[in-house]
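Student: Here it is, the structure in full.
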Amino acid sequence: MANRATQSLTAGMKILGGANIPTYTLEYLTPTAKHRQGSYETIVVPYVELGRDKRCGVEFGDDTPTVSRRHCAIERKGNETSIINLSSSNPTLVNGRPVQERYFLNNGDEIQLSVEGPRLRFNTTKTGTAKMGFTNKMNLVMMQAIKPYKTAAIAALAVIILLAGGGAFAIVKLNEETVHLASDLEGQKELTKAQADSLAAVKKQNEALAAELVKNKADLERTLASERARIIKENEKLTRSLSELKAKNDSLLSSNKSYVELIEPLKKYTLAIFYNKIVVEYGGSIIAEETYEPDCMCTGFLLEDGTFVTARHCIDAILTDIDAANFYDASGGSSTLYYTAQSYDGSVKIDFTNKQMKADYSQDTYTDVTFQGMSGKLRSPNYFEGADWAYLKTSYTEGVPFDKDLSRNVKSGTELLVLGYSYGMQYRASGTLEPYFSTAKVTLTGLQNNTINVTEAGWDGGNSGGPIFTEVNGKAVCVGLVTGTFRKSEYSSSGEAVGVNASIKIVTPLCNF
């Protein structure tokens, strides 16, 4: 880390000194609170980290909860640029495939921070930093070279300012000596006009250089003051947003007593799902085995007939961070994922594997590939046309009431009630597992592509697989489960079609299984 900090700060000082450093750009394909869709960011440092940590050179906000605090890094060495996966809980994908440790990037590669997270495009550039304006270079160095290493950065900036001030003083002194020398030379009869003109040119250059150093010092001080004010303003804005969100949630709970009465009895049947272990086998041998610190990553629920239900994409081997899992699972081997589902009050606990769950894989497609010298297949799932369900019969005899027939024809405008574990355990006090409550509204009557389309949905990452209810005669009845966000096709500046998250979100109806 210290070596990378030194490299970044050294690169920043070279850039401010006028050196021509190679650059590349990141195009933001997904709209987020901090990055407008279609905007670009030029990266000038050799090592930059991406994530929700405020020290990251490319920072994302809490509106992207599937992005880890230090999610990944992009490192440039010579003519090669690679992406490094830093997160142990959320995958980094390039062109749709997970990066296990490091992947060397090519121009136009699409980067995604977790499966449902924001996407960026890596673009190489032919121009370096030499032609950038000083203020632009200063802003980029502040955010990418200085922001991640505050202590070292402050010292470096002090040195730059002192050098700028001291350099200006030295130039002024040199200029004074030049003036005295010119005065002495004027008294010498043998001084030629060419010598006098040359001396005048040197004096003019010294004056221009001194003025530039003084200007650079003033620009630097203004930039530091502006950055300090911006950070203070952002902190104040964040504090206000958190207070407003808490007030809104408190108001919703207090003003909707009927929701409390409907939902409260159903919370104990809404289960947090923890991913514990994966075992990849082929030809009777274990190819890979990983055990994880349990962390809530999805939601499931019990129906009143004892059936345990969740979203298929929550238990699919394709979404693991082990590259071999998909290949061996689709090529005659087996990738077994181990989970635990439990209620917040401890009354329900289910240990299960993905192999025990019944699901529909008939819409998935297979591609012939060669992996580590072996011929086989990779499976590509289709979750968003009604097949995002998986269930398991249990010995429990209680659960949430449901109506499969009603799930086929929920009317547009119907308000839906949602329970689930948005953001997993990130914002919870230790040991607290009570599911979050949110709402949504049906956009069109009936099924669209075998799904229920909704808007104004309050769920987020971690809510996948959670139950969705509608009110029938004063009773909450389950009609579906959370699947995800619809992605529409748009065209980038290069004319390439890309998927962009839309406001419409998708519910898989219970009638599909």
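The values are calculated or read from the model by the stated rules, or taken from the named source; none is laboratory data. Please read all numbers here as calculations on a predicted model, not as lab measurements. Backbone-built Cβ (ideal geometry, glycine too); neighbour counts: all protein chains shown. All accessible areas refer to the heavy atoms of the entire protein, side chains included, with ligands and DNA or RNA removed. Shrake-Rupley method; radii C 1.70, N 1.55, O 1.52, S 1.80 Å.
Student: Within region 462-477, which residues are assigned to a strand (DSSP E or B) and surrounded by 15 or more Cβ atoms within 10 Å (Cβ to Cβ)?
Tutor: Those that are assigned to a strand (DSSP E or B) and surrounded by 15 or more Cβ atoms within 10 Å (Cβ to Cβ): 467, 468, 469, 470, 471, 476, 477.
Student: Now for a separate question. How many residues does region 41-64 hold that are open to solvent by 30 Å² or more (accessible area, probe 1.4 Å) and over 30 Å from residue 239 (Cβ atoms)?
Tutor: 1
Student: Which of (1) modelled with pLDDT of 95 or more; (2) within 19 Å of residue 511 (Cα to Cα); (3) assigned to a loop (DSSP other than H, G, I, E, B) does residue 391 not meet, given it meets every other one?
Tutor: (3)
Student: Can you work out which of the residues in region 455-485 that are out of contact with any Gly (no Cβ under 6 Å at 6 or more places or on another chain) and polar (S, T, N, Q) is farthest from residue 61 (Cα to Cα)?
Tutor: 473
Student: Continuing with this model, one more query. Suppose the filter is touching a Pro at 6+ places or on another chain (Cβ under 9 Å), in a loop (DSSP other than H, G, I, E, B), at pLDDT 95 or above and within 30 Å of residue 297 (Cβ to Cβ); does residue 67 pass it?
Tutor: On the way: touching a Pro at 6+ places or on another chain (Cβ under 9 Å): yes; in a loop (DSSP other than H, G, I, E, B): yes; at pLDDT 95 or above: yes; within 30 Å of residue 297 (Cβ to Cβ): yes.
Taking the combined requirement at face value, the residue satisfies it.
Student: Just checking, how many residues over region 332-385 are charged (D, E, K, R) and either assigned to a loop (DSSP other than H, G, I, E, B) or open to solvent by less than 70 Å² (accessible area, probe 1.4 Å) (or both)? If you could, list the steps in order and put the result at the bottom.
Tutor: Start the filter on region 332-385 by keeping residues that are charged (D, E, K, R), which leaves 345, 349, 351, 355, 358, 360, 364, 368, 377, 379, 385.
So of that shortlist, the ones also either assigned to a loop (DSSP other than H, G, I, E, B) or open to solvent by less than 70 Å² (accessible area, probe 1.4 Å) (or both) come out as 345, 360, 364, 379, 385.
Within region 332-385, residues that are charged (D, E, K, R) and either assigned to a loop (DSSP other than H, G, I, E, B) or open to solvent by less than 70 Å² (accessible area, probe 1.4 Å) (or both) number 5.
Student: Taking region 196-233 only, how many residues are among the charged types (D, E, K, R) and surrounded by 13 or more Cβ atoms within 10 Å (Cβ to Cβ)?
Tutor: 8
Student: Of the numbered conditions (1) within 18 Å of the chain's Cα centre (by Cα); (2) of a type in the set (Asp, Glu); (3) open to solvent by 30 Å² or more (accessible area, probe 1.4 Å), residue 27 satisfies every one except a single condition; which is it?
Tutor: (3)
Student: Next up: Out of the residues in region 303-331 meeting the condition of being open to solvent by 10 Å² or more (accessible area, probe 1.4 Å) and hydrophobic (A, V, I, L, M, F, W, C), tell me which one is modelled with the lowest pLDDT.
Tutor: Only one residue tops the list, namely 319.
Student: May I pose another question? What are the residues in region 103-115 that are of a type in the set (D, E, K, R) and either crowded, with 20+ Cβ neighbours inside 10 Å or without any contact (Cβ under 8 Å) to a residue 40 or more places away in the chain (or both), if any?
Tutor: 109
Student: Here's a check for you: in region 386-402, which residue that is open to solvent by 60 Å² or more (accessible area, probe 1.4 Å) and of a type outside the set (Gly, Ala, Ser) is nearest to residue 440 (Cα to Cα)?
Tutor: 398
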